[in-house]
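Encoded as structure tokens, the structure appears first; notes follow it.
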Amino acid sequence: MLKYNETRIMLISNTLMNQLKHLLNTIIFLFIFVNLTACVTTQTPKISHVHVGHAMTAWHDTPDELGLFITAEKETEIAYEHAQYAVENSHDIKLLKMHIKHVQHAMDPKLIKEGPGLDYGFIKAMNSARDHIFFAADSKDASENIKAFALLWSKDVEAIIERGKLILALSKEVIKSNSHEEMIVLSEEIKLLLQQNLYGYDSDGDGSIGNVKEDFGILQLKDQMNIMIAKEDPPYHTVDKKYLFGLIRLPSGEWMFKSSSSGNTSGLQY
């Protein structure tokens, strides 16, 4: 009986110790979390980082307030999906043309008002993402890292946008064509170009993707962006929406945050 009680006491003691350890760990975690949260919410981000956030985190007029670059990526994914459907259903002219119109909607909803896209369009989203990276580089607080990145990245983006324009041109040819064979050939080319725009491709046949700008797709652009962000000093942190949506441009061309306390909103909110 004595041995049973001793064993029971040991089990209870071990349980209590484990509970105390868990409680202590919880307290430590909460202490760290509260302090980190305080740092994030009280520190005003760099203007250049806010512009990067517009590309990668959130923008006020995109679907679900997604970042502009992320919106471009999602629209391209939708377009590629429907280009595949067009090729898979190429035996049926009606279905083929329907899916090519869906490609158009995701690329530029001005051409086709209704479709499975996000109603923003790859062309608009990618052009705007590029603009905001330029805004980041032009900000007074921009690092040399961001400035150097913006020049190279914009050239790589241009190749993808031009490919997007070619996709739209080919899609128009599909819609107006009277030749079933031509429709099939063009649809396959559209599918290939969208695949390249998403994942990149080995344009020079050297066995690697990304060593020349012609290789680049959205995947490589995102990798470049993440490398740039990782090099930032002070470090880049995800920007809160109150800063992302609180930036205005003064008539002088400088950027500033709206002052909620003074109500100062002179300038252009964009």
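The values are calculated or read from the model by the stated rules, or taken from the named source; none is laboratory data. Just so it is clear, the model here is predicted, and its values are computed rather than measured. When we count neighbours, we look across all protein chains shown, and the Cβ atoms used for this are built from the backbone with ideal geometry, even at glycine.
Look at E81 and say whether it is under 25 Å from E181 (Cα atoms) and at pLDDT 95 or above. Show your work before the answer.
Values: under 25 Å from E181 (Cα atoms): yes; at pLDDT 95 or above: yes.
Yes: the conditions hold for E81.
Being touching a Ser or Thr at 6+ places or on another chain (Cβ under 8 Å) and part of a loop (DSSP other than H, G, I, E, B) is the filter here; which residues of the stretch 216-235 pass it?
Answer for the stretch 216-235, where residues must be touching a Ser or Thr at 6+ places or on another chain (Cβ under 8 Å) and part of a loop (DSSP other than H, G, I, E, B): E232, D233.
Mind checking which residues of the stretch 113-123 are surrounded by 19 or more Cβ atoms within 10 Å (Cβ to Cβ) and either assigned to a helix (DSSP H, G or I) or not hydroxyl-bearing (S, T, Y) (or both)? Reasoning before the result, please.
Of all residues in the stretch 113-123, those surrounded by 19 or more Cβ atoms within 10 Å (Cβ to Cβ) come to 115, 117-118, 120-123.
Scanning the stretch 113-123 gives G115, G117, L118, G121, F122, I123.
Enumerate the pairs (first residue in the stretch 202-214 and more than 15 Å from E158 (Cβ to Cβ); second residue anywhere and aromatic (F, W, Y)) with beta-carbon separation below 7 Å, excluding pairs fewer than 6 apart on the same chain, so at least 6 apart or on different chains.
Short answer, once both residue conditions are applied: I209/Y201; G210/F216.
Give the number of residues within the stretch 167-208 that are within 24 Å of the chain's Cα centre (by Cα) and on the phi > 0 side of the Ramachandran plot.
Here the count works out to 1.
How many residues does the stretch 223-254 hold that are small (G, A, S), over 17 Å from the mean Cα position of the chain (by Cα) and within 16 Å of S48 (Cβ to Cβ)? Quick ask: steps written out before the conclusion?
Restricting attention to the stretch 223-254, the residues satisfying the condition of being small (G, A, S) are 230, 246, 252-253.
Narrowing further to those that are over 17 Å from the mean Cα position of the chain (by Cα): 246, 252-253.
Narrowing the set further to residues that are within 16 Å of S48 (Cβ to Cβ) leaves 246, 253.
Of the residues in the stretch 223-254, 2 are small (G, A, S), over 17 Å from the mean Cα position of the chain (by Cα) and within 16 Å of S48 (Cβ to Cβ).
Could you list all residues from the stretch 199-215 that are assigned to a helix (DSSP H, G or I) and crowded, with 17+ Cβ neighbours inside 10 Å? Full working, then the answer.
Initial filter on the stretch 199-215 (assigned to a helix (DSSP H, G or I)): 199, 213-215.
Correct list: D215 only.
Have a look at K147, K155, K191, K165 and point out the one that is in contact (Cβ under 8 Å) with a residue 60 or more places away in the chain, of a type in the set (K, R) and assigned to a helix (DSSP H, G or I). Steps first, answer last, please.
Details: K147 fails: in contact (Cβ under 8 Å) with a residue 60 or more places away in the chain; K155 fails: in contact (Cβ under 8 Å) with a residue 60 or more places away in the chain; K165 fails: in contact (Cβ under 8 Å) with a residue 60 or more places away in the chain.
Criteria check complete, one pass: K191.
Which one of these is more than 25 Å from Q224 (Cβ to Cβ), in contact (Cβ under 8 Å) with a residue 60 or more places away in the chain, surrounded by fewer than 22 Cβ atoms within 10 Å (Cβ to Cβ) and not aliphatic (A, V, I, L, M): K110, K97, K140? Don't jump to the end; show me each part of the working.
Working: K110 fails: in contact (Cβ under 8 Å) with a residue 60 or more places away in the chain; K140 fails: more than 25 Å from Q224 (Cβ to Cβ).
Step by step, each of K110, K97, K140 is checked, and only K97 is more than 25 Å from Q224 (Cβ to Cβ), in contact (Cβ under 8 Å) with a residue 60 or more places away in the chain, surrounded by fewer than 22 Cβ atoms within 10 Å (Cβ to Cβ) and not aliphatic (A, V, I, L, M).
Condition first: of a type in the set (K, R) and surrounded by fewer than 19 Cβ atoms within 10 Å (Cβ to Cβ). Can you find one or more residues in the stretch 127-134 that meet it?
Looking only at the stretch 127-134, we keep the residues that are of a type in the set (K, R), and these are 130.
Then drop every residue that is not surrounded by fewer than 19 Cβ atoms within 10 Å (Cβ to Cβ), which leaves none.
For the stretch 127-134, residues of a type in the set (K, R) and surrounded by fewer than 19 Cβ atoms within 10 Å (Cβ to Cβ): absent.
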